[in-house]
Amino acid sequence: SLKSWKEIPIGGVIDKPGTAREYKTGAWRVMRPILHKEKCIDCMFCWLYCPDQAIIQEGGIMKGFNYDYCKGCGLCANVCPKQAIEMRPETEFLSEEG
Amino acid sequence: MERVVERVAVTGAEAVANAMRQIEPDVVAAYPITPQTPIVEYFARFVADGVVRTEMIPVESEHSAMSAVVGAAAAGARAMTATSANGLALMHEIVYIAASYRLPIVMPVVNRALSGPINIHCDHSDAMAERDSGWIQLFAETNQEAYDFTILAVRLAEHEDVRLPVMVNLDGFILSHGVEPVEFYPDELVKKFVGELKPMYPLLDTEHPVTWGPLDLYDYYFEHKRQQIEAMENVKKVFPEIAKEFEETFGRKYWFVEPYRMEDAEHVMVALGSTNSTIKYVVDELREEGYKVGSLKIWMFRPFPKEQLQELLNGRKSVVVLDRAVSFGAEAPLYEAVKSALYEVAARPMLGSYVYGLGGRDIKPEHIRKAFEDAINGNLIADEQRYLGLRE
């Protein structure tokens, strides 16, 4: 949770390294990629092109997306030769996430 | 330690440069600009002669000078620069950054009119353009004060409850190039007083890596501004402590303001900088003629000593404020601050605003007398800005 002005270092300094890991840039996303696995051929184009390394693969099998870091740019959907990735508005998922 | 002072006749620039020699900062980055140039000129000679071990960085502009001292201070160095007018304006962006990063940089500012039309002489438009930047602003009346404040500012800037940069303002040419007797303190005593910098999150401490200057959006920027507000508030507590130690060490007493013949004064003049010497001269003359007048010099303009002014000015018949700067379309900066401070006092004095000395226009005893006479005759209008020494 966000801290008060009395609890943070002065001067905007970040007083320890590696804190970018705690910053979930996926919160910026407006469009969410959805995988239709039945169309996917595991060509790994999406994995290759994703600028945020947000494609999850295991042993060359496409497993889905890391939504903590996926910013919804849609590159994966655009390069997919089988149209296996669909971009859907985040507003559709608001209710299920509270 | 025995206090043996050396009393010499020097310019304000030489006095400040000598304070810098005694402080011996780790880094000085500077760019020449009239009338500040002699400060860094004298200091560059100390560096060239091996008198100080300071790393001197001759940069390509004031924007770079302030950027270099910000980098040096973030690395954990004691860093200084000096400038004037358009140089300060060119630094503007980084001036705010130095304050918001809470870097204890000390910068003598030799006050000069901002262009345009271009002018090299004294007024306070350069300092006033930075009054909301988050720097502490001290104003010297004499070369002695410019020397003393440069030394004192190091302690104030570096205090753990403050950690803010300080501008030591001295009037261009009048002080910077004017010769006055100044008492220099022994080197060892000054070095002992300023002590060692205790850097905060120094970049050179590679055992504890930190990030300086990351993006700070709507989730934390506001909290960091609140911290700066608190640090300025803390100056009001810390400054008298450091001033007391300064007095015990060097024998000179400083405070937020200097009241002059104020005990029973009915009419008080408020001003910044060297003009206070002329005001005191006129106060003495008017006192001899039987008028109950006094003056109040503002040593510290930021943070503004509101409580001290309320205490000292409550119940006076009238207060006249002299400004060496204007705010186009609004009240002059010092007047605005004084007027605002007096809003809640029990017995509000009559108020008068007088702008003088823009672009180095002389301020003469007769001008100051005229403003005092307006006060004595009850001829003051709080919402009217008047001018001293202007051809109407």
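From the list B:Phe246, B:Phe256, B:Phe250, pick out the single residue that is touching a residue at least 40 places away in the same chain (Cβ under 8 Å), more than 14 Å from chain A (Cβ to nearest Cβ) and in contact with a Pro (Cβ under 6 Å, 6 or more places away or on another chain). Full working, then the answer.
Numbers: B:Phe246 fails: in contact with a Pro (Cβ under 6 Å, 6 or more places away or on another chain); B:Phe250 fails: in contact with a Pro (Cβ under 6 Å, 6 or more places away or on another chain).
Sole residue among the options that is touching a residue at least 40 places away in the same chain (Cβ under 8 Å), more than 14 Å from chain A (Cβ to nearest Cβ) and in contact with a Pro (Cβ under 6 Å, 6 or more places away or on another chain): B:Phe256.
Report whether or not B:Val210 is away from chain A (no Cβ under 14 Å), crowded, with 16+ Cβ neighbours inside 10 Å and modelled with pLDDT of 95 or more.
Values: away from chain A (no Cβ under 14 Å): no; crowded, with 16+ Cβ neighbours inside 10 Å: yes; modelled with pLDDT of 95 or more: yes.
No: the conditions fail for B:Val210.
When the range B:144-172 is examined, which residues are found to be more than 13 Å from the chain's Cα centre (by Cα) and under 25 Å from B:Asp323 (Cα atoms)?
B:Gln144
List, please: which pairs have Cβ atoms under 6 Å, are six or more places apart or on different chains, and start with a residue in the range A:7-20 that is within 17 Å of B:Ala75 (Cβ to Cβ) and end with one that is hydroxyl-bearing (Ser, Thr, Tyr) and surrounded by 17 or more Cβ atoms within 10 Å (Cβ to Cβ)?
A:Gly11/B:Tyr101; A:Val13/B:Tyr201
Go through (1) outside the structural domain of B:Glu141 (by the TED database); (2) without any contact (Cβ under 8 Å) to a residue 12 or more places away in the chain; (3) under 18 Å from B:Ile136 (Cβ atoms) and name the single condition B:Met200 misses.
Answer for B:Met200: the failing condition is (2).
Checking the structure you have, find out if any residue of the range B:368-390 is exposed (fewer than 14 other Cβ atoms within 10 Å of the Cβ), touching a Phe, Trp or Tyr at 6+ places or on another chain (Cβ under 7 Å) and assigned by the TED database to the domain that holds B:Lys280.
The answer is no; no qualifying residue exists.
Determine which single condition B:Phe372 fails, assuming it passes every other condition in (1) in contact with a strand residue (DSSP E or B) (Cβ under 8 Å, 6 or more places away or on another chain); (2) farther than 24 Å from B:Phe301 by Cα.
Every listed condition holds for B:Phe372 apart from (2).
Can you give me the number of residues within the range A:40-55 that are closer than 13 Å to A:Asn66 by Cα and of a type in the set (Phe, Trp, Tyr)? Walk me through how you get there before you give the answer.
Step one: filter the range A:40-55 for residues closer than 13 Å to A:Asn66 by Cα, giving A:46-47, A:50-55.
Restricting the remaining residues to those that are of a type in the set (Phe, Trp, Tyr) gives A:47.
Residues flagged as closer than 13 Å to A:Asn66 by Cα and of a type in the set (Phe, Trp, Tyr) within the range A:40-55 amount to 1.
Only residues in the range A:35-59 that are under 12 Å from A:Cys73 (Cα atoms) count as the first member; pair them with residues that are exposed (fewer than 14 other Cβ atoms within 10 Å of the Cβ) and of a type in the set (A, V, I, L, M), Cβ under 6 angstrom, at least 6 apart or cross-chain, and list the lot.
Close Cβ pairs (under 6 Å, with a partner that is exposed (fewer than 14 other Cβ atoms within 10 Å of the Cβ) and of a type in the set (A, V, I, L, M)) do not exist here.
Can you find a residue in the range A:73-94 that is out of contact with any strand residue (DSSP E or B) (no Cβ under 6 Å at 6 or more places or on another chain), hydroxyl-bearing (Ser, Thr, Tyr), over 30 Å from B:Thr211 (Cα atoms) and more than 14 Å from chain B (Cβ to nearest Cβ)?
Looking through the range A:73-94, at least one residue is out of contact with any strand residue (DSSP E or B) (no Cβ under 6 Å at 6 or more places or on another chain), hydroxyl-bearing (Ser, Thr, Tyr), over 30 Å from B:Thr211 (Cα atoms) and more than 14 Å from chain B (Cβ to nearest Cβ).
Of the conditions (1) of a type outside the set (Ser, Thr, Tyr); (2) in a helix (DSSP H, G or I); (3) over 22 Å from the mean Cα position of the chain (by Cα); (4) under 21 Å from B:Asp264 (Cβ atoms), B:Arg316 fails just one. Which one is it?
Condition not satisfied by B:Arg316: (2).
Residue-wise test of (1) in contact with a strand residue (DSSP E or B) (Cβ under 7 Å, 6 or more places away or on another chain); (2) within 22 Å of B:Asn119 (Cβ to Cβ).
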site	(1), (2)
B:Gln308	yes, no
B:Asp323	yes, yes
B:Val345	no, no
B:Tyr354	yes, yes
B:Glu366	no, no
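Exactly one condition in (1) under 21 Å from B:Leu296 (Cβ atoms); (2) among the charged types (D, E, K, R); (3) not in a helix (DSSP H, G or I) is not met by B:Asp219; state its number.
If we test B:Asp219 against (1) under 21 Å from B:Leu296 (Cβ atoms); (2) among the charged types (D, E, K, R); (3) not in a helix (DSSP H, G or I), just (1) comes out false.
The values are calculated or read from the model by the stated rules, or taken from the named source; none is laboratory data. As the structure is a prediction and not an experimental result, all values here were calculated from the model. We place every Cβ from the backbone using ideal geometry, glycine too, and count neighbours over all the protein chains shown.
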